[in-house]
1. Can you tell me which residue within the range 30-45, out of those that are open to solvent by 10 Å² or more (accessible area, probe 1.4 Å) and assigned to a loop (DSSP other than H, G, I, E, B), is nearest to residue 169 (Cα to Cα)?
2. Can you pull out every residue in the range 88-118 that is crowded, with 20+ Cβ neighbours inside 10 Å, closer than 24 Å to residue 171 by Cβ and free of Cβ contacts under 8 Å to residues at least 40 places away in the same chain?
3. How about the range 46-87: which of its residues are open to solvent by 10 Å² or more (accessible area, probe 1.4 Å), among the small types (Gly, Ala, Ser) and part of a strand (DSSP E or B)?
4. Scan the range 137-149 for residues that are open to solvent by 10 Å² or more (accessible area, probe 1.4 Å) and in contact with a Lys or Arg (Cβ under 9 Å, 6 or more places away or on another chain) and jot them down.
5. Could you check the range 112-179 for strands (runs of 3 or more DSSP E) lying wholly inside it with 1 or more residues that are closer than 21 Å to residue 46 by Cβ, hydroxyl-bearing (Ser, Thr, Tyr) and modelled with pLDDT of 95 or more?
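The values are calculated or read from the model by the stated rules, or taken from the named source; none is laboratory data. Just so it is clear, the model here is predicted, and its values are computed rather than measured. Note that each Cβ is placed from the backbone with ideal geometry, even for glycine, and that neighbours are counted across all protein chains shown. Please note that ligands, DNA and RNA were not included when accessible areas were found on the heavy atoms of the full protein model with its side chains. Shrake-Rupley method; radii C 1.70, N 1.55, O 1.52, S 1.80 Å.
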Amino acid sequence: MNSLRFARQFLLHPKQLGTVVESGRTLAGKMAEEVGHCVQVVEFGAGTGPVTREILKRLPEDASLTSFEINRNLCRCLEGIGDPRLRVVNDDAANCERYVDQPDCIVSGLPLTLFDHEARETILAIARRAGRFVQLQYTTAIGRDLRRHFSEVRVKFVPRNIPPAFVYVCRCPSKVHVS
């Protein structure tokens, strides 16, 4: 049911979602495993929640996940997850700092390559302040921008997804991280 809702929302708002299908379980797991033992996690572009659910499986009991989703229809899916550690915010990820002081990690499914330069730079500046940033993309076109913002950028290819995807794992070593 969530897959159909996601596809329908893609047809209505293609630049918001960036792909017609939601993230598969393998991709969601690869992204969530990068959260480590962080306790203040933020998710940008949560969609129907496949990555959200995987993060919550791994998240410590005393941790929190704030998931941003601009599409109200998709927020309803997220609200149905029912985990007390999850806070769903129906707002633009660019407004993150209104809701969360200092996240340890940001996980993003935003289609940054479809964003204009200013919007992309805003999101990357917020992510850099967190120190740990995990970004899903379907092309490698974002690599240069990420390397300008982060001193460490690793890329994981996930072929077992439709479409195959790239997970960028970015860090700023000057930030203190919980592994």
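1. Once the filter is applied, the top-ranked residue is 36.
2. 112
3. Scanning the range 46-87 gives a single hit, 64.
4. 145, 149
5. Those strands (runs of 3 or more DSSP E) span 165-171.
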